[in-house]
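A short worksheet on the structure shown next.
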Amino acid sequence: MMKLPDYLPEYKIEATDAPVFPVVFEELPNWFIVPRVGASINWASYDMPERRVTERVQSKVTGEIEIHGVEGVEITTKFENICNDWADDTPEHIYYAQLTETHCRWLGEYYVGKDGKKHLLTFLDGDDFTAEWGYGENNCGRETHLIPRGNIRRDGDNIVLTSAEHVIDVVGRYTVRIGGNSYDTLCVMEYFENEVFSEAYIDPNGRTVLWRRFNKNDWAFSRYGKLWTELLPDNERLTVNGETYVHWYDCVTDYIF
């Protein structure tokens, strides 16, 4: 595994007035790998504001598969949990995914649990699968050809959603400067029904330069016992339909290093 840095380099994000460019975004949703034979990626997560690494992940396409008559690929993923209390204790998972000319989607997950049992979850397992991995109607997947649809509107740190359901949209063009390099990107924002918001900065090659997560202020309150404005008082905030969301952590991949 390529060792991504222990600390996330400082970065700067600047909105531009330039029009959005066409891009084909074939990465598996929020997993950074293109599900195509021969593909691999390493990525790491960094808690803010310390910027210290909490988890490193190695993901590689290891073969072709067919599940319930649907063709796809097998993705073997290994996790190195450094100090992430939300990380999975199982160090290796196998995922199944499919890439077509128009969509990218999850097909299933396999792992051996701490109980020694083999666990398999597929797209035919209904709500158990959909809640964790489902994208689009009947798990059709995420569209790979990105265009602004007006479902998410952004004005600085103020976000307006047109739907309370899971939604993803292009909100503008941005320059991201990180690690001594400058990237021309689209900002793709995604709202999850569990009240999590993300923003991904995608370059013209359809690759993620920077991924950032925001939690609604009372997200997982029963676990933490505090609002996120109390837990991370100095972190960046977004206002989403009048509600406060707080920046929690970032992810970067070896694509930019």
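No value in this document is a laboratory result; all are computed from the given coordinates. Everything quoted here is computed from the prediction, not taken from an experiment. Don't worry about glycine lacking a Cβ; one is built from the backbone with ideal geometry, like all the others, and counts go over all protein chains shown.
So if I average 1/r over every pair of distinct C-alpha atoms in region 150-208 and take the inverse, what Kirkwood radius in Å does that give?
This gives a value of 12.2 Å.
When you have a sec, figure out the Kirkwood radius of region 19-146 from all distinct Cα pair distances and drop it here in Å to one decimal?
Result for region 19-146 stands at 15.7 Å.
Give the lysines reachable from Lys226 as a straight Cα distance under 23 Å; neighbours fewer than 8 places away on the same chain don't count.
Straight-distance partners of Lys226: Lys216.
Hey, how many Å between the Cα centroid of region 197-257 and the Cα centroid of region 89-167?
Region 197-257 and region 89-167 have Cα centres separated by 18 Å.
I need the trypsin sites (Lys or Arg not before Pro) found in region 215-256, filtered to DSSP loop residues with at most 16 other beta carbons within 10 Å of theirs.
Here the sparse-neighbourhood loop sites are Lys226.
In region 85-179, which GluC sites (Glu not before Pro) are in a loop and have at most 14 other Cβ atoms within 10 Å, using DSSP for the loop call?
Taking region 85-179 and a limit of 14 other Cβ atoms within 10 Å, the loop GluC sites (Glu not before Pro) found are Glu101, Glu165.
Rounded to the nearest 500 deg cm²/dmol, what is the calculated helix-only ellipticity per residue at 222 nm for the chain, with -39500 (n - 2.57) per DSSP H run of length n ≥ 4?
So the calculated ellipticity at 222 nm is -1000 deg cm²/dmol.
Points 7 angstrom from Cα along the Cβ direction at Thr100 and Phe257: gap in nanometres?
That separation, rounded to one decimal, is 3.6 nm.
With contacts defined as alpha carbon pairs under 8 Å and 6 or more residues apart, what's the relative contact order of the chain in percent?
19
Whose amide H sits under 5 Å from the amide H of Asn235, counting only residues 5 or more places off or on another chain, with H placed in the peptide plane?
Those qualifying (amide H under 5 Å, at least 5 residues apart or on another chain) number zero.
Could you compute how fast region 148-257 diffuses translationally, taking Rh as the Kirkwood radius over C-alpha pairs and applying Stokes-Einstein at 10 °C with viscosity 1.306 mPa s? Give it in µm² per second.
108
Among 68-76, 149-157, how do they line up by average Cβ neighbours within 10 Å per residue, starting with the highest?
Listed from highest to lowest mean packing, they are 68-76, 149-157.
Loop only by DSSP, 12 or fewer other Cβ within 10 Å of the Cβ. Give me the GluC sites (Glu not before Pro) in region 177-257 that pass, ordered by residue number.
Glu193
Express in nm, to one decimal, how much length is gained between Asp184 and Thr162 on full extension, taking 0.36 nm for each residue of separation and deducting their alpha carbon distance.
5.2 nm
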